[in-house]
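Every number in this text was worked out from the coordinates using simple rules, so none of it is lab data. Please read all numbers here as calculations on a predicted model, not as lab measurements. No Cβ is skipped: glycine too gets one built from the backbone with ideal geometry, and neighbour counts run over all protein chains shown.
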């Protein structure tokens with residue numbers, strides 16, 4: 001069964017539309033991660049300034065060192081949550097890549113089978 005040229009063109013158009021959508025999602029993702037890390041840098045600078053002042057006060061004995069750790073806790077919590085998020089997303093990405101690789105292998109095998117069948121002489125007409 002041969003596919004009509006119109007159906008083939010529609011299929012290629014759908015594939016191109018999906019590729020454009022994938023590129024858009026990738027750009028949005030890169031932009032979101034860039035903004036996330038820029039905000040993290042600003043947050044780190046703000047918390048770092050507070051921790052630095054607390055450390056200076058702790059060195060002269062004005063406050064305890066546990067106060068310095070307490071001032072650093074918001075940054076530690078944010079970094080922990082961000083690393084958890086990255087670990088989760090990268091694990092999901094690994095599973096999706098494995099699935100994509102499996103689908104690609106299936107496509108290659110089907111293509112090879114199709115080539116093999118089309119290369120065989122037609123036995124019905126013989």
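Residue 95 to residue 108: extension gain in nm, 0.36 nm per residue of separation minus the Cα-Cα distance? Let's see the in-between values first.
Details: separation 13, 0.36 × 13 = 4.68 nm, distance 2.00 nm.
In short, 2.7 nm is gained.
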Review point. Between (1) 23, 17, 13; (2) 61, 17, 7; (3) 40, 30, 12, which matches semi-axes √(5λ) of the Cα gyration tensor in Å calculated for the structure shown?
Key: (2)
Exercise for review: Could you calculate the FRET efficiency of residue 38 with residue 16 from 1/(1 + (r/R0)^6), where r is the beta carbon distance between them and R0 is 30 Å, rounded to 0.05?
Suggested key: 0.35
Check your understanding: So for the pair residue 69, residue 46, with labels modelled 7 Å out along Cα→Cβ, what separation do we get in nm?
Key -> 2.5
Check your understanding: What is the fewest-to-most order of 54, 14 by other Cβ atoms lying within 10 Å of their Cβ?
Key -> 14, 54
Practice item. Using a Gaussian network model of the chain whose springs link C-alpha atoms within less than 10 Å, name the residue from 98, 40, 79 with the highest mean-square fluctuation. Key: 98
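When 47, 106 are ordered from fewest to most other Cβ atoms inside 10 Å of their Cβ, what list results? Spell out each step's value before the answer.
Working: 47 17, 106 10.
Lowest to highest Cβ neighbour count: 106, 47.
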Revision key, fill the gap. Helix 5-59 sits off the longest principal axis of the Cα atoms of the chain, rounded to the nearest 10 on a 0 to 90 degree scale, by 10
Check your understanding: What residue among 100, 34, 88 has the largest mean-square fluctuation in a Gaussian network model of the chain, using Cα springs under 10 Å?
Key -> 100
Point to revise | Principal-axis tilt of helix 65-119 within the chain, Cα atoms, nearest 10 degrees | key: 10
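Per DSSP helix of 4 or more residues, -39500 (n - 2.57); summed, then divided by the residues of the chain. What does that give at 222 nm, rounded to the nearest 500? Don't skip to the end; give the middle numbers.
On the way: 2 runs with 110 residues, N = 126.
So the helix-based figure for the chain works out to -33000 deg cm²/dmol.
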